[in-house]
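S.K.: Sending over a structure as structure tokens; questions will come in a sec.
The values are calculated or read from the model by the stated rules, or taken from the named source; none is laboratory data. Everything quoted here is computed from the prediction, not taken from an experiment. Here the Cβ is made from the backbone with ideal geometry for all residues, glycine too, and neighbour counts use every protein chain on show. Surface accessibility is based on the protein's heavy atoms, side chains included, excluding ligands, DNA and RNA. Shrake-Rupley method; radii C 1.70, N 1.55, O 1.52, S 1.80 Å.
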Amino acid sequence: MLDLTVIVPVKNEEKNLPLCLRELKGFARTVVVVDSSSTDRTPEIAREFGAQYVNFVWDGQFPKKRNWTLRNHPITTEWVLFLDADEYLTDDVRAELEARLPQATEQGFWMGFHNYFQGKLMRHGVAFRKLALFRTGAGEYERIEEDHWSRIDMEVHEHPIIEGKIGEISARIVHQDYKGLEAFIAKHNAYSSWEAHRYWKITQASEEEWLRLTPRQKKKYRNLAKWWWSPAYFVVNYFLKLGFLDGRKGFVFSVFKGIYFYEIRQKILEVGAARDREPRA
């Protein structure tokens, strides 16, 4: 059993959580489910699988759920892995972590994903990864001062700031949300609202804050408000990254991603117009 704590932030995840926790059984020393006052069977499922259960109530300010857990929940293992309820460890991931972590010199690891959309594995398109695994105490997620930008009480697009060497795990986690298209669209609506406010926050960031962004973040925030970013993302995902080879669902997924970035741009313009109407000090 690895000297690892797996933290699973959740809210109303009774459809996804059982499989997530089942794949963690006997693997990590500690599993912590951090809830947001779920109204379904999420708390019962967490306890049925023997996980520690913690409830988090967000006040709309910093810290959000992941940083709050790092700061307030006692973590006694050497490593901590953040895993969403719709993310599932595979045998390959478990084997690689068991081989690498005991002798690792890195402070953290990027982890990639096998992404599913409407039950189909997306073998092509733009790949995404997260810095989800790092040594306990090596850092925490970006501190972003916000005031109820959205209803998202958890760090989603914020990255951990880790001091030291960062590696990468080659085996991929499975990302498959069993809650369906309605949940997918609702999440993207909330994410796009957050990203619009984050865009305007970054326009006021200091040089030091800008330099802390990853190259991918810098590219995104330089271009999010430009008219061509949304159609360009579709073209890249569907044509250049061969998303068309994933068939009809590959097309639908690429369209939804393009729409997502279109929504962000429109909300950026809306937030900007509201800022212009605010009385000047």
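S.K.: When the accessible area of the chain is split by element with a 1.4 Å probe, what percent falls to carbon and sulfur?
M.R.: Roughly 52 percent, rounded to a whole number.
S.K.: Could you order W210, W79, W228 by accessible surface area, starting with the largest, using a probe radius of 1.4 Å?
M.R.: Details: W210 65, W79 5, W228 95 Å².
So, going from the largest accessible area down, we get W228, W210, W79.
S.K.: Still on this structure, please answer the following. Just read off the accessible area of V174 with the full protein assembly in place, 1.4 Å probe, to the nearest 10 Å².
M.R.: 30 Å²
S.K.: Next question. In straight Cα distance, which aspartates and glutamates are under 14 Å from K120, not counting same-chain residues fewer than 8 positions off?
M.R.: Hits, sequence-local ones excluded: D177, D246.
S.K.: With unit charges on the beta carbon (Lys/Arg positive, Asp/Glu negative), name the residue among Y221, L181, F234 whose Cα is farthest towards the positive pole of the charge dipole of the chain.
M.R.: With unit charges placed on the Cβ atoms, the residue in question is F234.
S.K.: State to the nearest 20 debye the size of the charge dipole of segment 95-189 about its Cα centre, where the only charges are +1 on K and R beta carbons and -1 on D and E beta carbons.
M.R.: 560 debye
S.K.: For K11, K130, write out the residues from largest to smallest accessible area, computed with a 1.4 angstrom probe and no ligands counted.
M.R.: K11, K130
S.K.: List the residue ranges in the chain for DSSP H helices whose C-alpha atoms run 24 angstrom or more along the long axis and whose Kyte-Doolittle average is -1.0 or above.
M.R.: Correct list, ordered by number: 181-203, 247-277.
S.K.: Something else about it: Which number do you get for Rg(Cα) / (2.2 N^0.38 Å) in segment 100-234? The partial results should precede the final answer.
M.R.: On the way: Rg = 16.5 Å, N = 135, 2.2 N^0.38 = 14.2 Å.
For segment 100-234, the normalised Cα radius of gyration comes out at 1.16.
S.K.: Then there is this: Where the only charges are on Cβ atoms (+1 Lys, Arg; -1 Asp, Glu), what is the dipole of segment 141-281 about its Cα centre, to the nearest 20 debye?
M.R.: Approximately 640 debye in magnitude.
S.K.: What's the percent breakdown of Cα-Cα distances in the chain across 5 Å bins, shortest bin first?
M.R.: 1, 5, 11, 15, 18, 18, 15, 10, 5, 1, 1, 0
S.K.: Which of Q118, S36, T90 sits farthest toward the positive end of the charge dipole of segment 24-124, with +1 on the Cβ of Lys and Arg and -1 on the Cβ of Asp and Glu?
M.R.: My answer, from the dipole projection, is S36.
S.K.: Among all the aspartates and glutamates, which ones have a C-alpha under 14 Å from K218's C-alpha, if same-chain residues fewer than 8 places away are not counted?
M.R.: E158, E195, E207, E208, E209
S.K.: Let me ask you something else. Please compute the contact order of segment 127-176 in relative form: average sequence separation of alpha-carbon pairs under 8 Å and at least six residues apart, divided by the residue count, as a percent.
M.R.: In percent, rounded to a whole number, it is 44.
S.K.: Just tell me which lysines come within less than 26 Å, Cα to Cα, of K219; anything on the same chain fewer than 8 places away is out.
M.R.: Once the sequence-local lysines are set aside, what remains near K219 is K64, K130, K165, K187, K201, K241, K257, K267.
S.K.: Among residues other than S192 whose Cβ falls under 14 Å from its Cβ, what is the net charge (Lys/Arg +1, Asp/Glu -1)?
M.R.: Charge balance in the 14 Å sphere: +4.
S.K.: Add +1 for every Lys or Arg and -1 for every Asp or Glu among the other residues with Cβ under 14 Å from the Cβ of A183, and state the total.
M.R.: Local net charge: -2.
S.K.: Explain nothing, just the number: dipole magnitude of the chain about its Cα centre with +1 on each Lys and Arg Cβ and -1 on each Asp and Glu Cβ, in debye rounded to the nearest 20. Show your work: numbers first, answer last.
M.R.: Details: 42 positive and 39 negative charges, 197 e Å.
Roughly 940 debye, rounded to the nearest 20.
S.K.: Here's a follow-up. Roughly how many whole Å is it from the C-alpha centroid of segment 212-281 to that of segment 6-36?
M.R.: Here the answer is 31 Å between Cα centres.
S.K.: May I pose another question? Please identify, among Q107, Q204, Q217, the residue showing maximal mean-square fluctuation in a Gaussian network model of the chain using a 10 angstrom Cα cutoff.
M.R.: Result: Q204 has the largest fluctuation of those listed.
S.K.: Using a cut-off of under 17 Å, list every residue of segment 52-76 whose amide N is near the label point 7 Å from the Cα of D3 along the Cα-to-beta-carbon line.
M.R.: It comes to 75-76, nothing else.
S.K.: Report, to one decimal in Å, the Kirkwood hydrodynamic radius for segment 1-98 based on all distinct Cα pairs.
M.R.: Its Kirkwood hydrodynamic radius stands at 13.7 Å.
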